[in-house]
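A.B. asks: Before I ask anything, here is the structure I am working with.
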Amino acid sequence: MPLIDNGRIKYFETLTDFLTEIDYLKIYHFEFREQEKILSVILDYLEEFRENDASIESAMFDFFTNGTFESDYFEGWGTDYYINNTTDLEIDEDENVLEQEDIFIIPIRFVSEIGYVVETKNPVYEPGDEDEFIQSETIWDDFQVHCKVVFNAINNEVE
């Protein structure tokens, strides 16, 4: 994305970099108490709405359907995924927290225990059989998640 600055053209890799450059979004640094309170609200949101949040569901769908996973006997894509719990929630210090009026865009990372099933096409499937696909047992793994949260500071809630 280009920006003309004093006759020079600058290119940015991401929209966030571009918006930060034109001062639409400002970099924000939390105080420790403020940070702990906001992380508590985010963790509560993840615990309560992890199954009903469209962005979480979409990200998990993309990850599990486009990835290759292994079970004891075969490999395939992931299905029937479920987030059991979330731990180690923290603000990602490697990225900036951005502020726009009363909204914060907060980069976070956390660990989630996710159960999923590996599914693949049955190698001995014949047309007319019921079992076109075979599934493994449920596998539980810990995944490190990096994402950005839109936090409304006025309402003290995750958007």
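The values are calculated or read from the model by the stated rules, or taken from the named source; none is laboratory data. These numbers were taken from a predicted model, which means no experiment stands behind them. Cβ placement follows ideal geometry from the backbone for every residue including glycine, while neighbour counts extend to all protein chains displayed. The protein model used for the area step is the full one, side chains on, heavy atoms only, and it has no ligands, DNA or RNA in it. Shrake-Rupley method; radii C 1.70, N 1.55, O 1.52, S 1.80 Å.
A.B. asks: Could you pull the accessible area for TYR82 with a 1.4 Å probe, rounded to 10 Å²?
C.D. replies: 90
A.B. asks: In Å³ and rounded to a whole number, note down the convex hull volume per residue for the Cα atoms of the stretch 88-158. Could you put the intermediate results ahead of the total?
C.D. replies: On the way: hull volume 11.5 nm³, N = 71.
Hull volume over Cα atoms, normalised by residue count, gives 162 Å³.
A.B. asks: Expressed as a rounded percentage, what relative contact order does the chain have, with Cα pairs under 8 Å and six or more residues apart? List each step's numbers first, then the result.
C.D. replies: Values: 250 pairs, mean separation 31.2, N = 159.
Contact order relative to length: 20 percent.
A.B. asks: While we're on this one: Work out from phi, with θ = phi - 60° and the Karplus expression 6.51 cos²θ - 1.76 cosθ + 1.60, the ³J(HN,Hα) of each residue of the stretch 106-111, listed in order in whole Hz, and give x for Gly and Pro.
C.D. replies: With the stated coefficients, the stretch 106-111 comes to 10, x, 10, 9, 7, 10 Hz.
A.B. asks: List nothing, just return the count: lysine pairs in the chain, 8 or more apart or interchain, with Cα separation under 28 Å.
C.D. replies: Values: LYS10/LYS26; LYS10/LYS148; LYS26/LYS37; LYS26/LYS148; LYS37/LYS148.
Total qualifying Lys-Lys pairs in the chain comes to 5.
A.B. asks: Please check: in the Gaussian network model of the chain (C-alpha springs, under 10 Å), which one of GLY128, GLY67, GLY76 has the largest mean-square fluctuation.
C.D. replies: In this elastic network of the chain, the residue with the biggest mean-square fluctuation among GLY128, GLY67, GLY76 is GLY128.
A.B. asks: How much solvent-accessible surface does GLU47 expose, in Å² to the nearest 10, with a 1.4 Å probe and all protein chains in place?
C.D. replies: We get 80 Å² for GLU47.
A.B. asks: Moving to a separate point now. Semi-axes, largest first, in whole Å: what does sqrt of 5 times each Cα gyration tensor eigenvalue give for the chain?
C.D. replies: Values: eigenvalues 307, 95, 30 Å².
One finds semi-axes of 39, 22, 12 Å for the chain.
A.B. asks: Continuing with this model, one more query. I need the calculated FRET efficiency for the pair GLU34 and GLU132, taking r as the beta carbon distance and R₀ as 41 Å, to the nearest 0.05. Don't jump to the answer; show the numbers that get you there.
C.D. replies: Details: r = 53 Å, r/R0 = 1.29.
For R0 = 41 Å, the calculated efficiency reads 0.20.
A.B. asks: Taking the chain as a Gaussian network, Cα atoms linked when under 10 Å apart, which of ASN52, ASN84, ASN96 shows the biggest mean-square fluctuation?
C.D. replies: The residue with the greatest mean-square fluctuation here is ASN52.
A.B. asks: The stretch 28-85: Rg/Rh from Cα coordinates, Kirkwood Rh?
C.D. replies: Working: Rg = 16.2 Å, Rh = 13.9 Å.
Ratio value, two decimals: 1.17.
A.B. asks: What number comes out for the charge environment of PRO107, summing +1 per Lys or Arg and -1 per Asp or Glu over other residues with Cβ under 12 Å away? Each step should come with its number before you reach the end.
C.D. replies: Numbers: positive: ARG109, LYS148; negative: GLU90, ASP92, GLU93, ASP94, GLU95.
In short, -3.
A.B. asks: Okay, moving on. Give me the accessible area of TYR28, 1.4 Å probe, in Å² rounded to the nearest 10.
C.D. replies: About 60 Å², ignoring ligands and nucleic acids.
A.B. asks: Sketch the reach of a paramagnetic label on LYS26 as a point 7 Å from Cα along Cα-to-Cβ, and name the residues of the stretch 75-97 whose backbone nitrogen lies under 14 Å away.
C.D. replies: Residues passing the 14 Å test: 97.
A.B. asks: GNM, the chain, Cα, under 10 Å: largest mean-square fluctuation among THR14, THR138, THR79?
C.D. replies: With Cα springs under 10 Å in the chain, the top fluctuation among THR14, THR138, THR79 is at THR14.
A.B. asks: If you don't mind, there's one more thing I want to ask. Length gain on complete extension for the stretch VAL41 to GLU101, per 0.36 nm per residue less the alpha carbon to alpha carbon distance?
C.D. replies: Value of the extension gain: 19.7 nm.
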